[in-house]
Amino acid sequence: MPDIERLVNDFVAKLSKRKVEGSQATSRLTAELLRSVVSLQRLPPTNSAAVLIEAVRELAVGNIVRRVLHIIREEDLSLLTSKTSDLDLSAASDDERTIDQDYDPTQSAAAAAAKSFLRPPSLHALLENMSDKAVPTNNYTSSSGGDTEEKSKADKLARTRKLKHDVIEAINILIEDIDTSHELIAEQAVEHIHQNEVILTLGSSRTAFEFLCAAKEKKRSFRVVVAEGAPRYQGHALAKELVSRGLQTIVVTDSAVFAMISRVNMVIVGVHAVMANGGVIAPVGMNMVALAAQKHAVPFVVVAGIHKLCPSYPHNPEVCLNDMRSPAELLEFGRFSNCMEFGMDSGAPLQVVNPAFDYVAPELVSLLITDIGGHNPSYMYRLISDYYSADDFDLQGRIHK
C-alpha cells in the first residue's frame, strides 16, 4: 500500500536525521507508526486478526512490534470469547423455552395418558399432509437460509470493525504508557534514595535523570557521582543537567569507578533493553561498573520502562548484543591518519574497535525498577508472559520463511 510505504519512509527519515532522541521517543514513534498501519489496513470479513498480524510482522522487528502483535491476538481472543459466551447464553435460553413449551401444567395426568394411546394416523393421511405442506416448507427454508447468511456476513463485518477499533484504542494506551513511564518510575525514587547518600551513575539516561530529580524534589539531600561515559562523554551533559536542578554532582573518568565505588551507597543506571533472563543491555562500560558494585556489595539498580523488556535471551542466535560505532569517536583521522596506516606494509594494520553496548548478567543486577513497580531480575519471565505472545518471539525467522 502506498500510504503505508510513505509512513515507513517518513519513520526511517526521522530516525536517520536524529529528529527523535532517546529510546522512549523512538518507542513512541514506533507505536504511532504501527497505529497508522492498523488504521490504514483493509481487513477481510474473515481472518482479520491474521491479516493484521502479518501486516505488522513484516513491517519491523522490536519490542513495540511484539507488543502490538500481542495486542492484536488478545483483542481477537476477547471478541471470540465474547461471541462464544453469547452463543452459550442464547442456546441456554432456547432450551429453557423448549422445556416451558413442552410442559403444560393444565394438562391432567389422565389426559396425557389417553393421548399416548390414541390410534396413529393412517399412511394415506400422512401422505396427504406431506403433499399439502411441501411447498410452504421449502419456501420457508430458503428464506430462512438467506436471512441467516446475510446476518452472518453482517456479524463478520461488525466484528472486523470492532477488532480494528479495539486494537487502535489499545495502541493509544500503549503510547500513553510510554509517555508516562518516566513519571511513574520517578515516583518510586523516594523509596530507594535516602538522606546523605552517594549515588553513582554512568552515561546519560533520561529515566535515571528524572529518578534522581524526583528524589531531590522530595527534599532528599544526596550527592551524585557521574562517570563520563567515554568515548561519547554523555555523562558530561548529564552532570550539567543535574547541577542545573540543584544536585551535588561529581564527574569522574570511567577508569576511576573502581576507586570511587567504596564511597558509593547505590548505583542507579538506565539501560537500552532488559532481556528475558533479567540481564540488561546497557551503554559500554556498564559491566565494569556492575562488577565493581558486586565486589564492594553496592546495590546495582536499573531503572527502565516496561516497554524496554525484551522476550529474547542473550544466547538466542538472532540476538545481537552489540553494535560497532565509528572509529572516529576514538581517533581523529586528521591527527591519527599516520597511525591508521601504520603496519600496512607488514600486513598488520591498526584496528579500532568501538562497541556501543555492554551486557550485564542478571547476577549483577540487584533490582529492576519499572513503571509498574520494582522487580527481581528472576521475575522477568512472568512479565514477558503478560506482555508478549510466544508466537512472536522470533520475528526475523518467521519473516524469512
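The values are calculated or read from the model by the stated rules, or taken from the named source; none is laboratory data. Not measured: the values here are computed from a predicted model. Here Cβ is always computed from backbone atoms with ideal geometry, including for glycine, and neighbour counts include all displayed protein chains. To get the accessible areas, we keep the full protein, side chains included, count just its heavy atoms, and leave off ligands, DNA and RNA. Shrake-Rupley method; radii C 1.70, N 1.55, O 1.52, S 1.80 Å.
Met260 exposes around 40 Å² of accessible area when a 1.4 Å probe is run over every protein chain in place. A full extension of the chain between Asp394 and Ala230 corresponds to an added length of 55.7 nm, given 0.36 nm per residue minus the alpha carbon distance.
Using 0.36 nm per residue, how much length does the chain from Val190 to Asn316 gain when fully extended, once their Cα-Cα distance is taken away? Intermediate values should be presented prior to the final figure.
Working: separation 126, 0.36 × 126 = 45.36 nm, distance 3.72 nm.
In short, 41.6 nm is gained.
Simple spin-label estimate for Leu157 and Arg223 gives 7.2 nm between the two label positions (7 Å along the Cα-to-Cβ direction from each Cα). For the residue pairs Lys83/Lys164; Lys216/Lys308; Lys164/Lys308, the C-alpha atoms sit more than 18 angstrom apart in Lys216/Lys308; Lys164/Lys308. Per residue, the accessible area of the range 241-283 comes to 40 Å², computed with a 1.4 Å probe over protein heavy atoms only. Other residues within the sphere of radius under 12 Å centred on the Cβ of Lys153, judged by their own Cβ, net out at -1 (K and R +1, D and E -1). Each label was represented as a point 7 Å from its Cα along the Cα-to-Cβ direction; for Ile250 and Glu150 these points are 8.2 nm apart.
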